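To start, the structure itself, in structure tokens.
Where a number appears in this text, it was derived from the coordinates with a stated rule and is not lab data. Being a predicted model, the structure only gives us computed values, none of them experimental. Reconstructed Cβ throughout: ideal geometry from the backbone, glycine too, with neighbour counts over all protein chains shown.
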Amino acid sequence: LDSWVRSRMAMQDSCCLLVGCGNSPMAEEMIADGYCKEEKEDQAGNTEESEQEKKAKGGGCTIVNIDFSETVIAEMKAKYPPHPSIEYHIADACDLASLFPQDSSIEVIIDKGILSLHTNLSIQVKMA
């Protein structure tokens, strides 16, 4: 799964939607693991423009976290410092038209609840 997600997130203007993000640190962990790198250095030591610079020009990758709970989104915004590649929105996964323009694309959609359920079930099966 990691290599598949990375291949799609490596594209300019890519978007990863985390549905039902809850209070999970998944987006921050993805950034720490190298998704949406802010700055890259080539072999000569030259630095490419940062994701923030790319986003200012309309480029770069974005991890969009949505949850229907206003409380959870407010807590996540307060807990984590702003990052140019991470967004938090109060939204219903069944009605994303107001969040994404009609001509936009989402390369990766992760249902955080299903992912957590699968992980928890796998751990329980291994322990049994």
Would you kindly derive the ³J(HN,Hα) couplings of the stretch 108-113 from the backbone phi angles with the Karplus curve 6.51 cos²θ - 1.76 cosθ + 1.60 (θ = phi - 60°), listing them in order in whole Hz, with x for Gly and Pro? 9, 10, 10, 8, 4, x
Per-residue HN-Hα couplings for the stretch 97-106, Karplus 6.51 cos²θ - 1.76 cosθ + 1.60 at θ = phi - 60°, whole Hz, x for Gly and Pro? 4, 6, 8, 10, x, 4, 8, 7, 10, 10
Show me, for the stretch 80-89, the HN-Hα J-couplings you get by feeding each phi into the Karplus relation (A = 6.51, B = -1.76, C = 1.60, θ = phi - 60°), rounded to Hz, glycine and proline as x. 10, x, x, 10, x, 10, 10, 10, 10, 9
Interchain or long-range residues, amide H under 5 Å from Tyr88's placed H: Asn65
Spelling it out for Thr62: with amide H atoms placed in the peptide plane at 1.01 Å from N, the residues 5 or more places away or on another chain with amide H under 5 Å from its amide H are Ser14, Cys15, Cys16
In nm, spacing of pseudo-spin labels at Leu99 and His83 (7 Å Cα→C-beta vector): 1.7 nm
